[in-house]
Amino acid sequence: MLQLREYQQQSLDALDAYLGLVTQHGAGNAFYMQTKRPYLAVKQLPGLPYVCLRVPTGGGKTFMACHAVGIAAKAYLQSDRAVCLWLVPSNTIREQTLAALRDREHPYRQALDARFAGQVRVMNLKEALYIQRSTLQGETVIIVSTLAAFRVKDIEGRKVYEPCGALSHHFSGLDAALEAVLERREDGTIAHSLANVLRMWRPLIVMDEAHNARTPLSFDTLELFNPSCILEFTATPETKQKPEEELFASNVLHHVSAAELKAEDMVKLPIKLWTHSDWREVMGQARQMQQALQLAAQEEERETGEYIRPLVLLQAQPKSKERQTLTVEVLKKSLIDDFKIPEEQIAVATGETRGIEDINLFDRGCPLRFIITVQALKEGWDCSFAYVLCSVAEMSSSRAVEQILGRILRLPYTRRKRRAELNCAYAYAASPRFYEAATTLKDALVENGFQKLEAADFVVPHEGTGQLFGEGTLFAQASERVSQQPDFSILAKPLHDQVSYSENTGVLTVTGALSQPDMEALQACFISPEDRAAVDRIYQKLQGHRVGPPSSKVERPPFRVPWLGIRVDGQLDILEDSYFKDIEWRSSDCDPSLSEGEFPSEASSGESGEVDVSEAGRVEIRRFVDQLHEQLALVVGEPGWTLASLVNWLDRQRTHIDIPQTQSAGYISGVIARLIETRGLTIEQLARHKFRLGNAIWMKIDELRKTEASKGYKALLFGPGSGKIEVSPKFCFEFDEDRYAPNSYHEGGSEFNKHYFHRIGGFDSGEEFECAQLIDSLPQVWHWVRNVPRSASSFWFQTSSDRFYPDFVVLLNDGRILVVEYKNEKDWSNDDSKEKRQVGNLWAERSGGHCLFIMPKGPDWSAIDALLKPQPKDPKANSARLF
């Protein structure tokens, strides 16, 4: 079964946490508590949680959505099953999604089956018109459709709202409270329609690529089904309220950066761009690249067994009556006549000619190497073998290249290749202006969900040889501090428009291509050698070269940080939780009591209320979640529960490989017996609140786990056996720019000169930013890294409960390593911070003075100054040190 990547798990964890908060605090309050941003409620859907997970193209949104259905059912609906309306943007995507979700061998269906114990039924809208009541009561039902199909103007949509005899049995014996939520016909009778069936079952709605669905018309349509929750999955959510255009912003709960996708080997990056004014030259270079990639792929297959056949996507110009254009026919003829490409290796994929329909492009027997299109390939088309985009069309608009660019981003088999050229994508454009082509590609990447800073970094010049690649230069932005205000009046207009100077910060910034003559012209605007050297550093950055700080006179060293290790059987290993969490669980040793605070006998009706102001100006309590659970309880129906069946159900709610089933079941049985004995509760009452009860029991078990783990952790690190803990220069983590994957970026990069990487991960607070400024200014510092939490690209320590990712890791001029964890004054004294200081200090102690650790208490920056020893007179003499 396909496993979730780290960024996918983080996104789903954020969703799980949010939905848990919703059950206690309501949709809006929960959103603010988690994101510290206001929640944008939908007028037609008051109280309903409507949130978005933003994932760039190639990030596996559909796979994540399959897991999200299970998370929402358990954490929010508090049900073993769910009804889900899965809405997609087009009929083509609908058919692809249906096929994948119905295929029990497909990762999407396997994710659903794992979440719902295989009890899943997938259907289209026509099949849903005949759905049985027993199916809804016994299985999770996924109905895949487009949103447009539910609009009354659509023929199929009208059937959703019309009475249907096949659905009449759903409406027999209904509770009065259920009947009250259903739509009635003009004669006052309940309409036996699919819309009313859905209203009863409060569907969870998944919106796949939903950025075009946040309109009043869409909200009005969704309101008709009385949904319980709406989850958006998109690369490009609407981020601004535009009432005048009838577009409303999404509540982005969590976003994923393109760097995170690259670090997890999901996408090909960077995109290497080459431009030329002659379209035949462009096609020739694309052809040469395809041949080079084919040879690399053959070598890769010999070593790894992975088959790849690199494809070129050629974007032609549309036909025109006004002028002669480079049409599909012209490009195909050129491939055959000028480049001697066999016709069987060429396919045309346009609205009129569907040359790749029903062809398995991954098949070894498929001969295709070139696919010619115009505006876009068939919607939903996806083949990770597509490596090269060759465009003879006018790349003046990001919209014209947005969709086709997304086709070359996915990395085959989502595994990094041994040959670097197979980890990149390639773009060849018939354009006399590299800067404009690069800007178009950058904007198209943003349309595919990239952050603007990432897009600038991931469009780079193709590094060719000789005359082949002489026209391209790097699209980016680079800055340096200078000592004087420059005189730009001597610059020619194209270069003049690319440069800017800030009097407030003394920073010179250049955006876009910079040639050698341009660099020399810009240097002439300055007098001092230091400022002219700053211009040279900008030029080097724009060429894609790594540039050290102005004071650096030596080559940047590798940045290695020793792990906190443990010696086992003579071998040094990273200290992880497996070394102290392997405890023997005995339920007889654990108190089975749950206090009223841990498990209230009755849920408070106000705890899930949401304070709002009604249209009439009255302050109301909206009991949205309580009403939702009450309604689902009426339609789901509960089996007859026994002590044994309830214990078994509660035991299955969590995976617990560390606790034998006999022990966990014994403990759960003891908890239930104690509740019956001390509070007079019955099995039926407890079963009615089984999700709350399960959460309370497993929270109690987690607390017991943490207590035991903490004991084991302290004994291992600070007890008699702590001699096994070592810090060695031979056992290190090494920072790697290709794996550096911040979730967000600091966008004012000119404030720093010594960060080890070109981009800097974002800061969590203003004081954390001040701490970084201090570190960057210290004369003892050579380089530093903003350490990204929960990333394979980052350094960490093991604590008793999880991994601790300190905020900053610093390489000093004398070779020592400094680790800095910022903590505000309020949190500095809590138990978590104390444990972090203990493990950090132990790491520093075991390093023999070669590593330092500090946790400033709030903005006590003097503590960092005091910790550092005076800088050696000759830093270069110490560069061959230990780390």
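Points worth noting:
Residues are listed down the side, and each one gets a yes or a no for (1) among the polar types (S, T, N, Q); (2) in contact with a Phe, Trp or Tyr (Cβ under 7 Å, 6 or more places away or on another chain); (3) at pLDDT below 90; (4) open to solvent by 30 Å² or more (accessible area, probe 1.4 Å):
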site: ARG54; (1), (2), (3), (4): no, no, no, yes
site: PHE63; (1), (2), (3), (4): no, yes, no, no
site: VAL69; (1), (2), (3), (4): no, no, no, no
site: LEU112; (1), (2), (3), (4): no, no, no, no
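- For region 858-866, the criterion of being surrounded by 17 or more Cβ atoms within 10 Å (Cβ to Cβ), in contact with a strand residue (DSSP E or B) (Cβ under 7 Å, 6 or more places away or on another chain) and at pLDDT below 90 is met by no residue.
- Which numbered condition THR215 fails, given (1) surrounded by fewer than 20 Cβ atoms within 10 Å (Cβ to Cβ); (2) in contact with a Leu (Cβ under 9 Å, 6 or more places away or on another chain); (3) more than 24 Å from GLY47 (Cα to Cα): (3)
- The set of residues from region 827-858 being of a type in the set (D, E, K, R) and either within 22 Å of SER722 (Cα to Cα) or within 30 Å of the chain's Cα centre (by Cα) (or both) comprises ASP827, ASP831, ASP832, LYS834, GLU835, LYS836, ARG837, GLU845, ARG846.
- Filter result (touching a Cys at 6+ places or on another chain (Cβ under 9 Å) and either among the β-branched types (Val, Ile, Thr) or in a loop (DSSP other than H, G, I, E, B) (or both)) within region 478-493: PRO486, ASP487, ILE490, LEU491
- Test: GLU344 is free of Cβ contacts under 8 Å to residues at least 40 places away in the same chain and part of a helix (DSSP H, G or I): yes
Listed here are the residues, each with its yes/no results for (1) surrounded by 14 or more Cβ atoms within 10 Å (Cβ to Cβ); (2) assigned to a strand (DSSP E or B); (3) in contact with a Gly (Cβ under 7 Å, 6 or more places away or on another chain); (4) among the hydrophobic types (A, V, I, L, M, F, W, C).
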position: LYS319; (1), (2), (3), (4): no, no, no, no
position: GLU322; (1), (2), (3), (4): no, no, no, no
position: PHE362; (1), (2), (3), (4): no, no, no, yes
position: PRO367; (1), (2), (3), (4): no, no, no, no
position: CYS390; (1), (2), (3), (4): yes, yes, no, yes
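- Taking region 71-101 as the range and being in contact with a Ser or Thr (Cβ under 7 Å, 6 or more places away or on another chain), surrounded by fewer than 20 Cβ atoms within 10 Å (Cβ to Cβ) and either free of Cβ contacts under 8 Å to residues at least 12 places away in the same chain or in a helix (DSSP H, G or I) (or both) as the test, only ASN91 passes.
- Segments classed as strands (runs of 3 or more DSSP E), wholly inside region 796-865, with at least 1 members that are under 16 Å from GLU767 (Cα atoms) and not aliphatic (A, V, I, L, M): 808-812
- The residue that is modelled with the lowest pLDDT, counting only those in region 324-338 that are open to solvent by less than 50 Å² (accessible area, probe 1.4 Å), in contact with a helix residue (DSSP H, G or I) (Cβ under 8 Å, 6 or more places away or on another chain) and of a type in the set (A, V, I, L, M, F, W, C), is LEU326.
- Being free of Cβ contacts under 8 Å to residues at least 40 places away in the same chain, under 25 Å from LEU98 (Cα atoms) and not hydrophobic (A, V, I, L, M, F, W, C) is a condition met by no residue of region 217-239.
- LEU53 hydrophobic (A, V, I, L, M, F, W, C) and under 19 Å from the mean Cα position of the chain (by Cα): yes
- When region 652-684 is filtered for residues that are assigned to a helix (DSSP H, G or I) and under 18 Å from SER79 (Cβ atoms), only GLU684 remains.
- Tally, over region 508-565, of residues that are more than 30 Å from PRO729 (Cβ to Cβ), at pLDDT below 80 and of a type in the set (A, V, I, L, M): 3
- Long-range neighbours under 9 Å by Cβ, at least six apart or interchain, first residue part of a loop (DSSP other than H, G, I, E, B) and of a type in the set (Ser, Thr, Tyr) within region 744-759, second modelled with pLDDT under 80 and open to solvent by 50 Å² or more (accessible area, probe 1.4 Å): TYR756/ARG556
- Of the residues making up region 707-746, those that are over 20 Å from GLY840 (Cβ atoms), open to solvent by 50 Å² or more (accessible area, probe 1.4 Å) and not hydroxyl-bearing (Ser, Thr, Tyr) are GLU708, LYS711, PRO720, LYS730, ASP736, GLU737, ASP738, ARG739.
- Residue satisfying condition, being within 30 Å of GLU726 (Cβ to Cβ), at pLDDT below 90 and not charged (D, E, K, R), within set SER793, SER765: SER793
- In region 695-706, the residue that is surrounded by the fewest Cβ atoms within 10 Å (Cβ to Cβ) out of those that are closer than 15 Å to THR655 by Cα and of a type in the set (A, V, I, L, M, F, W, C) is MET699.
- Residue within region 306-315 that is on the phi < 0 side of the Ramachandran plot, part of a loop (DSSP other than H, G, I, E, B), of a type in the set (Lys, Arg) and in contact with a Phe, Trp or Tyr (Cβ under 9 Å, 6 or more places away or on another chain) present: yes
- Restricted to region 247-264, and to residues there that are at pLDDT 90 or above and surrounded by fewer than 21 Cβ atoms within 10 Å (Cβ to Cβ), the residue that is nearest to TYR39 (Cα to Cα) is VAL252.
- Condition check for GLN484 on (1) touching a Pro at 6+ places or on another chain (Cβ under 8 Å); (2) exposed (fewer than 15 other Cβ atoms within 10 Å of the Cβ); (3) not small (Gly, Ala, Ser): one failure, at (1).
- Selection count where residues are open to solvent by less than 30 Å² (accessible area, probe 1.4 Å) and either among the aromatic types (Phe, Trp, Tyr) or within 22 Å of LYS541 (Cα to Cα) (or both), scope region 753-771: 7
- Of all residues in region 265-282, those that are part of a loop (DSSP other than H, G, I, E, B) and modelled with pLDDT of 85 or more total 6.
- Candidates GLN298, GLN285: the one that is surrounded by fewer than 24 Cβ atoms within 10 Å (Cβ to Cβ), outside any loop (DSSP other than H, G, I, E, B), out of contact with any Ser or Thr (no Cβ under 6 Å at 6 or more places or on another chain) and free of Cβ contacts under 8 Å to residues at least 40 places away in the same chain is GLN298.
The values are calculated or read from the model by the stated rules, or taken from the named source; none is laboratory data. Quantities reported herein were computed from a predicted structural model and do not represent experimental measurements. Glycine gets a Cβ as well: all are built from the backbone with ideal geometry, and neighbour counts include every protein chain shown. Note: accessible area is taken over every heavy atom of the protein model, side chains too, but ligands, DNA and RNA are not part of it. Shrake-Rupley method; radii C 1.70, N 1.55, O 1.52, S 1.80 Å.
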